[in-house]
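I have placed the structure first, in the form of structure tokens, so that the comments after it can refer back to it.
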Amino acid sequence: MNIIALVKQTPDTAQLSAAMDGMRLSAEGGPRIVNPWDEYTLETAIQTREEHGGKVTALCLGPPEAADALKTALAMGVDEAILVSDPVMADSDCLTSARILVAAIRRIGAFDLIVGGRAAIDGNTAATAVQIAALLGVPLVSYVADLKSLDPSARTITAVRLLERARETVTSRLPALITVVKEINEPRYPSLIGIRKAARASIPVWKCEDLGLDASAVGAGASKVAWQAELPPIREANVEMIDGGPEDAARILVDRLIEEKVI
């Protein structure tokens with residue numbers, strides 16, 4: 001089994017505070033972690049290799065510091081990690097990112113299974129994996145909560161999808177791409193030996209020319225969607241406590257609302 005695990009490095013939202021809003025955390029190089037959904041991605045890929053043999057390659061698109069996320073993947077137990085990073089790729093939207101990742105997947109070579117997380121916590125579009133599957137022309141099974149069976153010889157996979165009001169069991173041919181949710185497993189902690197090996201690992205970095213991509217086909221210039229990195233203006237608010245019984249308080253509240261032309 002040749003398995004590719006899609007990994008993304010995202011802002012550490014646990015660091016959000018009154019002094020660090022979400023926009024600044026994303027734009028100003030705040031603390032970064034492995035996208036929490038991708039921890040389940042990595043665990044699923046590693047468990048599949050442990051059961052069926054083969055190789056797991058972690059693939060990440062991001063800035064140079066995203067190599068830290070791949071070192072975490074190596075420490076957890078993946079066999080190989082590849083970073084796709086080029087300054088001209090910055091600010092790519094999800095479709096442009098999918099095209100870049102597809103070029104990287106084709107360079108990796110033949111695969112049996114691609115595993116991704118439900119979404120990335122920064123953009124939260126949950127679209128990139130869908131677009132990768134479409135561009136590769138492989139089946140997509142999303143929101144997987146359980147892998148019922150995987151038969152490499154029969155080239156089939158059966159999975160349980162976690163839907164809003166039900167669970168759905170589907171069978172697909174391989175190769176395929178799946179996205180997983182947290183119900184599928186409990187991610188392992190990196191071992192001490194794994195952390196030491198990951199610290200010494202040299203992670204290859206693939207740029208546009210390595211993937212046969214033109215700089216004009218990636219980045220903000222090739223993207224149709226752009227994030228507006230600004231927050232709505234802050235409005236001052238006043239709080240007035242209304243004393244009295246229920247009837248008096250209700251009457252005073254209605255008077256205030258009429259006065260402020262709310263009603």
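Each value in this text was obtained by applying a stated rule to the coordinates, not by laboratory testing. Given the structure is predicted, the values throughout are model-derived calculations rather than measurements. Glycine also receives a Cβ, built like all others from the backbone with ideal geometry; neighbour counts cover every protein chain displayed.
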The stretch 28-50 to the stretch 234-261: how many Å between their Cα centroids? 49 Å
Is the stretch 2-222 rounded, prolate or oblate when judged by the Cα gyration tensor, a ≥ b ≥ c being the square roots of its eigenvalues, rounded requiring a/c under 1.5 and prolate requiring a/b larger than b/c? rounded
Listed residues THR169, THR128, THR48, most fluctuating in the chain (Gaussian network, C-alpha, under 10 Å): THR169
Amide H to amide H, which residues 5 or more places from ASP12 or on other chains are under 5 Å from it, using H placed in the peptide plane? ARG32, ILE33
Order by protection proxy (mean Cβ within 10 Å, highest first), peptides 30-43, 241-254: 30-43, 241-254
Under 20 Å from the Cα of LYS207, which aspartates and glutamates turn up, not counting those fewer than eight places away in the same chain? GLU65, ASP68, GLU80, ASP86, ASP91, ASP93
Any idea what the dipole of the chain comes to, in debye rounded to 20, about its Cα centre with Lys/Arg Cβ at +1 and Asp/Glu Cβ at -1? 1280 debye
List the residues, sorted by chain then number, that are 5 or more residues from GLY117 or on another chain and whose placed amide H is less than 5 Å from its amide H. VAL180
Take TYR189 and ASP122, extend 7 Å from each Cα along the Cα→Cβ direction, and tell me the distance between the two endpoints in nm. 2.8 nm
Quick one: of LYS8/LYS224; LYS197/LYS224; LYS55/LYS148; LYS148/LYS224, which pairs are farther than 31 Å apart, Cα to Cα? LYS197/LYS224; LYS148/LYS224
For the stretch 154-167, Karplus couplings with θ = phi - 60° (6.51, -1.76, 1.60), whole Hz, Gly/Pro x: 7, 6, 9, 9, 10, 9, 9, 8, 8, 9, 4, 10, 6, 10
Per the charge dipole of the chain (beta-carbon charges, Lys/Arg positive, Asp/Glu negative, Cα centre), the residue among MET76, LEU150, PRO64 reaching farthest to the positive end is LEU150
Non-local amide H neighbours of VAL225 (under 5 Å, H modeled in plane, Pro and chain starts lacking H): which ones? ASP93
Each residue of the stretch 60-65 in order: what ³J(HN,Hα) in whole Hz does its phi give by Karplus 6.51 cos²θ - 1.76 cosθ + 1.60, θ = phi - 60°, with x for Gly and Pro? 9, 10, x, x, x, 5
